[in-house]
Amino acid sequence: MELATLRKRGIVAAIVTIFVLSIFAAVPLALTRANAQTTTSTSSGRDYINIGDLEYSSSIAVSSFNWFSPIEDYDLTELLYVGLFTIAFPPEPLVVPVLAQGYSVSANGTQSVINLRPDLKWSDGSPLNSTDLWYTMWLLNQTDHIPPPSSITILNSTAVQVTFPTPEYQFVQTQLASFDVVVVPYEIFGKLPVSEIDCTSTNLTCYSNFNDIVADGPYTLSNYTIGETPIALTANPYYFEGPPHLKNVYVYLYPSEESYVAAYKSDQLDAFWSYGAYIDIAPVVGFIDHTLIQSIPALTYAVLFNAFGKNYPFTDPSFRLALAYATNITQINSLENGPYANTSSSTEDSLIPTDNEELGLPPSGPIGYTYNVTEAENILTSNGFKLSGGKLYFSNGTAVSLQLAYESANPVSPDVAQLLATDWTQIGIKVTPKAEADSTIQSLTLGDTGWQVIIAGDTGLNVFGVTSGPGIATALSPYGYPASNGSTVYYNDTVGTWENDMDVYPQFSSQFNSTAVEIANAYVTQVPFIPLFNSFNWQSVSNDFYWGSPSNYTGIFNTQSTAQQQFYWDTLYQVAPLAAPTPPVTTTTTFPTYSTATTPTTTSVQTTSSAAPAASPAIPAIYLYVAVAAVIIVIAGVAATMIFRRRQ
């Protein structure tokens, strides 16, 4: 072949090669230029999220994944295992089946049938069925978590019947849903003695469930090494709603609130959870490209009185009522909740408006006292107390003083304690605030000695305040404390009768509602505690992910009240990376109203986002592609023409 011919063919091949390579180079170049001009903030595009959990320990180690252990790490255990039922606030039903498909109660209240969803599987692919449910019910009985049943029977592959010797109409609500009971795998737990599972104080061998973990949550792990952080969870392909949208969830453990906040503010975490007053969440408010959500109520922050035994004057309801009138609740609520004070105000019976209406009461519940120092003084002087020189005295001439204990770790407590001291000093009482460790507060409220007044939102077993559904049925704890024999000591016999009635009457029956109204009114007349304000669950989340919808209460907007929002199963199942970043907006979404205000209120969802510099109009990628390709074709055409002419 002639040298000239080879040269010509080489030139043509080079031109074709340049043409092809140019096309491959032009496409990503065009796409890159288009995206650079249209993106105002960076979308993560990640297939994982980072979340945090407080351990309140320098060791930052998980204590146990065993639901039955008294030292279980509740948040993370609830992440691994799905509850049979959950308790929810309106507009969702009170009892919401999750792993269960539903339940039924016999007319006489002695039999409850729990039905599982069909075709459930554990994370190892093995069937999750009525054998596991039967074994879980058996364990609940063996470990004294439920009233003793007379029998537990498997009806079919998904149904179990629990029979009691006496009526237990509220068994599912008060024993299973309220305590977020999960199903445990018989294949694992069934091989262990009950003493290791229950992990009693006399048993030195406690099953931690750290190895060969078999679970049913949307994300699971096989093994856990004590002290590891983050804990890497992997998507469960057998989750009952289908595989989740992410591959992994990484849980970082923190020893303190300060370290947790610092990690979130340095953008190491995609979600931050807290509960309490607005000032508790204030450190993370306004974080760039994150949304603040005020969701369901947590607990009622309240003043609790020791009205047991011989603790006069607190055994006198008139003295407690006088203190209630002397408490400026509005001022305390405004100081602690600022812009959210209106939605944080509490009813005096601690029920949400829909509960009061269900019982035949006005939405605000029974009203017994408002801030009125003069009325407080009149009540005291008409009941044997004496006011002289700005001081209050007992009838024997002894000055009245009291000690006010509060939780040292709660940022709300010191301010509230000081405000209460100021309020009650106005009626002549000398008040001494005293900070106590949370463990001390819990210990004190387990008996009737060593304390007079406590301010708290949760004292351990005495969890009181806002509850979903007819919460009055399970909110009698301010009236009593647990005795060593397992019974409850109440400060009058009437309360014990109320508790019994709430168990034996069908929910929402005329007898049930009548008793509930009695209790609601007694909260006002007997004043076992003074509700100050409702605390809330707060969540600040990254705008790079979809977290659910407030319009249908899915994901992080679910109104369930049994699990921390960021660890709730539906939240983790719903969360997914966004294909494009959410535009900078501020929205207000209407949630169920828990305020006692007469005017409609809303709960705000605040989104704060940085404003990116204005971008020039984007050139669609396809146009750039065509333009570059056209230029190359023209060049190739000119070259080919020149070669052709030279050949001629």
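The values are calculated or read from the model by the stated rules, or taken from the named source; none is laboratory data. If you're wondering where the values come from, they're calculated on a predicted model, not measured in any experiment. Note that each Cβ is placed from the backbone with ideal geometry, even for glycine, and that neighbours are counted across all protein chains shown. All accessible areas refer to the heavy atoms of the entire protein, side chains included, with ligands and DNA or RNA removed. Shrake-Rupley method; radii C 1.70, N 1.55, O 1.52, S 1.80 Å.
Odds and ends about this structure:
- Check on residue 433, free of Cβ contacts under 8 Å to residues at least 40 places away in the same chain, surrounded by fewer than 21 Cβ atoms within 10 Å (Cβ to Cβ) and of a type outside the set (Lys, Arg): yes
- Meets criteria (hydroxyl-bearing (Ser, Thr, Tyr), touching a Pro at 6+ places or on another chain (Cβ under 9 Å) and at negative phi) for residue 224: no
- Test: residue in segment 184-202 that is open to solvent by 30 Å² or more (accessible area, probe 1.4 Å) and under 26 Å from the mean Cα position of the chain (by Cα): yes
- Counted residues, segment 320-338 - those being open to solvent by less than 10 Å² (accessible area, probe 1.4 Å), in contact with an Asp or Glu (Cβ under 9 Å, 6 or more places away or on another chain) and closer than 17 Å to residue 456 by Cα: 5
- Check on residue 176, modelled with pLDDT of 95 or more, more than 30 Å from residue 255 (Cα to Cα) and of a type outside the set (Asp, Glu): no
- Residue list for segment 363-393, restricted to those being in a loop (DSSP other than H, G, I, E, B), surrounded by fewer than 15 Cβ atoms within 10 Å (Cβ to Cβ) and over 39 Å from the mean Cα position of the chain (by Cα): 382, 384, 389, 390
- Flag set for residue 193, criterion: within 26 Å of residue 150 (Cβ to Cβ) and without any contact (Cβ under 8 Å) to a residue 12 or more places away in the chain.
- Residue in segment 339-348 that is under 25 Å from the mean Cα position of the chain (by Cα), closer than 26 Å to residue 312 by Cβ and buried (at least 21 other Cβ atoms within 10 Å of the Cβ) present: yes
Rundown of residues vs (1) under 30 Å from residue 261 (Cβ atoms); (2) in contact with a Phe, Trp or Tyr (Cβ under 8 Å, 6 or more places away or on another chain), yes/no style:
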{"site": "364", "(1), (2)": "no, no"}
{"site": "367", "(1), (2)": "no, no"}
{"site": "378", "(1), (2)": "no, no"}
{"site": "403", "(1), (2)": "no, yes"}
{"site": "407", "(1), (2)": "yes, no"}
{"site": "417", "(1), (2)": "yes, yes"}
{"site": "429", "(1), (2)": "no, no"}
{"site": "438", "(1), (2)": "yes, no"}
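- Among the numbered conditions (1) touching a strand residue (DSSP E or B) at 6+ places or on another chain (Cβ under 6 Å); (2) modelled with pLDDT of 90 or more, the only one that residue 316 does not meet is (1).
- Screening 94, 155, 80, 76 for residues that are modelled with pLDDT of 95 or more and either touching a strand residue (DSSP E or B) at 6+ places or on another chain (Cβ under 8 Å) or of a type in the set (Asp, Glu) (or both) leaves exactly one candidate, 155.
Conditions (1) more than 22 Å from residue 216 (Cβ to Cβ); (2) at pLDDT below 85; (3) in a strand (DSSP E or B), marked per residue:
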site	(1), (2), (3)
508	yes, yes, no
514	yes, yes, no
541	yes, no, yes
549	yes, no, no
552	yes, no, no
562	no, yes, no
572	no, no, no
579	yes, yes, no
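- Residues of segment 362-394 satisfying the condition of being at pLDDT below 85 and aliphatic (A, V, I, L, M): 367
- Segment 220-249: number of residues that are among the hydroxyl-bearing types (Ser, Thr, Tyr) and within 22 Å of residue 71 (Cα to Cα): 5
- When segment 84-126 is limited to residues that are in a loop (DSSP other than H, G, I, E, B) and either of a type in the set (A, V, I, L, M, F, W, C) or outside the structural domain of residue 162 (by TED's automatic domain parsing) (or both), the one that is most open to solvent (accessible area, probe 1.4 Å) turns out to be 107.
- Scanning segment 399-430 for residues that are assigned to a strand (DSSP E or B) and either open to solvent by less than 30 Å² (accessible area, probe 1.4 Å) or out of contact with any Lys or Arg (no Cβ under 9 Å at 6 or more places or on another chain) (or both) gives 402, 404, 405, 407.
- Restricting segment 436-457 to residues that are small (Gly, Ala, Ser) and surrounded by fewer than 20 Cβ atoms within 10 Å (Cβ to Cβ), the residue that is nearest to the chain's Cα centre (by Cα): 439
- Selection count where residues are part of a loop (DSSP other than H, G, I, E, B) and closer than 19 Å to residue 564 by Cβ, scope segment 245-261: 3
- Residues satisfying the stated conditions in segment 406-427, i.e. within 15 Å of residue 327 (Cβ to Cβ) and without any contact (Cβ under 8 Å) to a residue 60 or more places away in the chain: 406, 417, 418, 421, 422, 425
- Among (1) among the hydroxyl-bearing types (Ser, Thr, Tyr); (2) at pLDDT below 95; (3) within 27 Å of residue 249 (Cβ to Cβ), the one test that residue 123 misses: (2)
- Some residue of segment 304-317 being in contact (Cβ under 8 Å) with a residue 40 or more places away in the chain, in a strand (DSSP E or B) and of a type outside the set (Ser, Thr, Tyr): yes
- Qualifying residue in segment 262-274 (condition: assigned to a strand (DSSP E or B), among the small types (Gly, Ala, Ser), modelled with pLDDT under 95 and in contact with a helix residue (DSSP H, G or I) (Cβ under 6 Å, 6 or more places away or on another chain)): yes
- Restricting segment 237-264 to residues that are touching a strand residue (DSSP E or B) at 6+ places or on another chain (Cβ under 9 Å) and among the charged types (D, E, K, R) leaves a set whose member that is surrounded by the most Cβ atoms within 10 Å (Cβ to Cβ) is 257.
- Of all residues in segment 141-170, those being assigned to a helix (DSSP H, G or I) and touching a helix residue (DSSP H, G or I) at 6+ places or on another chain (Cβ under 8 Å) number 1.
- Within segment 238-263, the residues that satisfy the criterion of being among the aromatic types (Phe, Trp, Tyr) and touching an Asp or Glu at 6+ places or on another chain (Cβ under 9 Å) are 238, 239, 240, 252, 254, 260.
- Subset tally (residues that are free of Cβ contacts under 8 Å to residues at least 40 places away in the same chain and either touching a helix residue (DSSP H, G or I) at 6+ places or on another chain (Cβ under 8 Å) or among the aliphatic types (A, V, I, L, M) (or both)) for segment 67-101: 1
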